[in-house]
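Worksheet for the structure shown next.
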Amino acid sequence: MTRLLSGLAVLSSLTSIQVLASQAATKQDPIPACEWHPPLLQNVCLNSASSPEQSTTKPSPFSKTRSEWAKLGWDGPNDCLPTMPDYCVYTRIPESEPASGSPFVVISTAKSMTAIAGSTPPFLGKNKKPVSPRDVYTQEFPGKGTGVVANRTIKKGEIIKAEMPTLLLQFDMPDNDSKPGAQNGANELSREERLGIYGKAVERLDEVSKKKFMRQVGGDVVGIVDKNSFRLFVDGDEGHLGVWADVSLFNHDCRPNTHYRIQNLTHITVAVRDILPGEELTVSYIEGTIPYAERQERLESWGFKCACHACTQDLSQIAQSDARLKAITGIEEELEQLVKSGDDFPQDIGDRLVQLYVDERLDNYIAHAYTKAALLKSMIGNKKDAIKYANMAVEALEREYGPDTKDGDAMRGLAERTEEHWSWGVRMGGWAM
């Protein structure tokens, strides 16, 4: 099953909070549109010079000669499918030993390749870089296979990996012969066709990358892609699957100690709490804010029963965990109702939301809670707590989304210029206890 990118499970409703604020505001200046836009799925959206509505044609207007692709650092097109002549293999030309193979191979159309070739590495943050390869090691775990383990204390916020994919392939494309928006193509290839072109692509990898790719769970190349890929979008709406061979070694935990995001094709893994030497590094394959039974059901498609700490507690502890998750949903719904009614909200509602996230160890989603708490405290004129939560939100947003986000800038502004923020004091007329 293709691994969907995990994002905030409980989406932020800060736009709604602005409505709540504006209903009681006495200031005459209009409240600006909220800049909080967390995605449900962390999709990469790389744009070429074309409009999103333009579909691939034959011949493709994005086609280039081999020498033109080489100037961009790519070898191709190669091994194009006879039934889809614009669906071809492209390999990144390494800076050294170009004859030894490539660490990065793409199966895609010329249109998507135009965006991919123009992708640049993301900014990781001032003086930030991934930990040394010596700081982690692999180990076999009974019932789970190979996993990644910390070789030293990895502090919260440290970047563990920042890697380009081993293989990137387009799985759907506009159908030139049907209505706009219809999809066909690679997602409808037969297994034999997939084996053929996937295999040819993998053969173009260098020996180290090829070995890493083939060691993954799944058996053959098709099974490996199906079991280990992350879904992303290139040029707006063209679905691709990316396989990051080293990242696939991270095992699942419903309360993981790392968070990941994909920016400009770079898969970035960040520690969301301190990780001790000898502790396994984990990610969540699914949405972590759903109750125990639903998590187990979703993980069955991965072929295993989850045995993480959150899922192996005694029944009373599991029930308490489910109750906390239900309470989080309850607070979110309560805020939505307050938006509609215009009633005052409890002074401590932001504190309760944050505490539920902390108690449930939802460290990889907590930016959402800190941000809401900061705004709620600002709205009732509690400057001290507004600054506290805003600063915590800035750090959490950088862990989850990177250093260059409008949301991080907005929270930084709230922390530094609290009384100038749109939310300041708009609900100071009273509150319910």
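The values are calculated or read from the model by the stated rules, or taken from the named source; none is laboratory data. Bear in mind the structure is a predicted one, so any value in this text is a computation, not a measurement. Methodologically, a virtual Cβ is constructed for each residue, glycine included, from the backbone with ideal geometry; neighbour enumeration extends over all protein chains shown.
Points worth noting:
- In the set (1) modelled with pLDDT of 95 or more; (2) charged (D, E, K, R); (3) within 23 Å of the chain's Cα centre (by Cα), residue 388 fails one condition alone, (3).
- Among the residues listed as 396, 369, 373, 410, the single one being within 27 Å of the chain's Cα centre (by Cα), among the hydrophobic types (A, V, I, L, M, F, W, C) and more than 30 Å from residue 161 (Cα to Cα): 373
- Elements of the type strands (runs of 3 or more DSSP E) sitting completely within the range 240-302 and holding at least 2 residues that are among the aliphatic types (A, V, I, L, M): these cover 266-271, 280-283.
- Residue match in the range 413-432 (condition: touching a Lys or Arg at 6+ places or on another chain (Cβ under 8 Å) and of a type in the set (S, T, N, Q)): yes
- Residue check, residue 290 within 28 Å of residue 158 (Cα to Cα), of a type outside the set (Ser, Thr, Tyr), touching a helix residue (DSSP H, G or I) at 6+ places or on another chain (Cβ under 9 Å) and surrounded by fewer than 19 Cβ atoms within 10 Å (Cβ to Cβ): yes
- Among (1) over 19 Å from residue 142 (Cα atoms); (2) at pLDDT 95 or above; (3) buried (at least 22 other Cβ atoms within 10 Å of the Cβ); (4) not hydrophobic (A, V, I, L, M, F, W, C), the one test that residue 240 misses: (2)
- Residues of the range 133-152 that turn out to be closer than 14 Å to residue 281 by Cβ and assigned to a loop (DSSP other than H, G, I, E, B), as a count: 3
- Answer residue from the range 203-232, given it is outside any loop (DSSP other than H, G, I, E, B) and among the acidic types (Asp, Glu) and is modelled with the highest pLDDT among those: 203
- Filtered residues of the range 330-358 (kept if under 23 Å from the mean Cα position of the chain (by Cα) and at pLDDT 95 or above): 353, 354, 356, 357, 358
- Contacts under 6 angstrom Cβ, first residue in the range 139-156 being β-branched (Val, Ile, Thr), partner surrounded by 13 or more Cβ atoms within 10 Å (Cβ to Cβ) and not in a strand (DSSP E or B), 6 or more apart: 146/249; 148/249; 148/250
- From the options 292, 285, residue that is among the aromatic types (Phe, Trp, Tyr) and modelled with pLDDT of 95 or more: 292
- Count of the range 53-93 residues, restricted to those that are out of contact with any strand residue (DSSP E or B) (no Cβ under 6 Å at 6 or more places or on another chain) and modelled with pLDDT of 75 or more, is 16.
- When the range 175-202 is filtered for residues that are modelled with pLDDT of 50 or more and out of contact with any Asp or Glu (no Cβ under 9 Å at 6 or more places or on another chain), the ones remaining, listed by number, are 189, 190, 191, 192, 193, 194, 202.
- Residues located in the range 404-420, provided they are modelled with pLDDT of 95 or more and not in a helix (DSSP H, G or I): 417
- Among the conditions (1) assigned to a strand (DSSP E or B); (2) within 22 Å of the chain's Cα centre (by Cα), the only one that residue 130 does not satisfy is (1).
- Where a residue in the range 209-237 is without any contact (Cβ under 8 Å) to a residue 24 or more places away in the chain and its partner, wherever it lies, is of a type in the set (D, E, K, R) and part of a helix (DSSP H, G or I), with Cβ under 9 Å and at least six apart: 218/226; 218/227; 219/227
- Restricting 145, 157, 125 to those that are over 23 Å from residue 403 (Cβ atoms), in the same structural domain as residue 277 (by TED's automatic domain parsing) and out of contact with any Gly (no Cβ under 6 Å at 6 or more places or on another chain) reduces the list to 145.
- Answer from 299, 325, 265, 281 - the residue that is surrounded by 15 or more Cβ atoms within 10 Å (Cβ to Cβ), at positive phi and not small (Gly, Ala, Ser): 265
- Pair list, Cβ under 7 Å, 6 or more apart: the range 244-261 residue basic (Lys, Arg), other residue part of a loop (DSSP other than H, G, I, E, B): 255/288; 255/308; 255/361; 261/42; 261/402
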